[in-house]
Amino acid sequence: MSGVRVDHAVTSGTFSLDGETHQVDNNLWVVGDDQECLVIDAPHSVEDILAVVGDRRVKAIVCTHAHDDHVRVAPALREAVRAPILLHPDDRPLWELTHTDELWDADLSDGQVIEIGDTSLTVLHTPGHAPGAVCLWSADLGCVFTGDTLFQGGPGATGRSFSDRPTIEASIKAKLFALPGDTVVHTGHGDDTTIAAEAAALA
Ligand SMILES: [Zn+2]
């Protein structure tokens, strides 16, 4: 039995790219035990994130990709909790659209294992929605955090700059549909789904 749990909240703000701005609700995921946790993405509000973290030590801020609705408050959160920001380096062009004078702290890579409490998350590089998009899979917890790569109802958006539909489909089929079918998918926006449900829909 793992003492690690998943905490969740929804936080609201904006997403801007290619000269358009949209109002968005982002899922906020925190994975950890009573002592320490990982924050997955840093959308919109440091206060909202800290409310979920509580008095736990933040081990790292792990970014699923660098769209501004996922990383806008990452540097401010880093300042508040003194934890490193982790991002796949292929998302540097997107990161620099939001943060021009500061970088993240350490690169994510495919297959990397991030330990938390008595369990771990495995990094799956899943380009397509963004070149450096990653998913974070926990076999122990039976879930995967997909950011904007896979939603309930299908792949994430690929209509904007730095996105590509064939690439996201290839990523999802190779990396996500290889996971057990009952794996719960915790998305960047909207409701949970499962790998089996989405595999059936995209077949
Ligand atoms: Zn996105």
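The values are calculated or read from the model by the stated rules, or taken from the named source; none is laboratory data. Just so we're clear, the structure is a prediction, and the values are computed from it rather than from any experiment. Here Cβ is always computed from backbone atoms with ideal geometry, including for glycine, and neighbour counts include all displayed protein chains. Just the protein is used for accessible areas: all its heavy atoms, side chains included, with ligands, DNA and RNA removed. Shrake-Rupley method; radii C 1.70, N 1.55, O 1.52, S 1.80 Å.
For region 60-74, a tally of residues being under 10 Å from the mean Cα position of the chain (by Cα), farther than 18 Å from Glu47 by Cβ and either of a type in the set (Gly, Ala, Ser) or more than 9 Å from the ligand (Cβ to nearest atom) (or both) returns 3. The conditions of being in contact with a Leu (Cβ under 6 Å, 6 or more places away or on another chain) and either over 18 Å from Thr119 (Cβ atoms) or in contact (Cβ under 8 Å) with a residue 12 or more places away in the chain (or both) are not met by Val39. Count of region 132-172 residues, restricted to those that are within 16 Å of the ligand (Cβ to nearest atom) and either surrounded by 15 or more Cβ atoms within 10 Å (Cβ to Cβ) or within 15 Å of His65 (Cα to Cα) (or both), is 26.
With respect to the conditions (1) open to solvent by less than 40 Å² (accessible area, probe 1.4 Å); (2) within 15 Å of the ligand (Cβ to nearest atom), Leu124 lacks only one, and its number is (2). If you go through region 1-52 and keep only what is open to solvent by 50 Å² or more (accessible area, probe 1.4 Å), among the polar types (S, T, N, Q) and under 26 Å from Ala157 (Cα atoms), you end up with Ser12, Thr21, Gln23.
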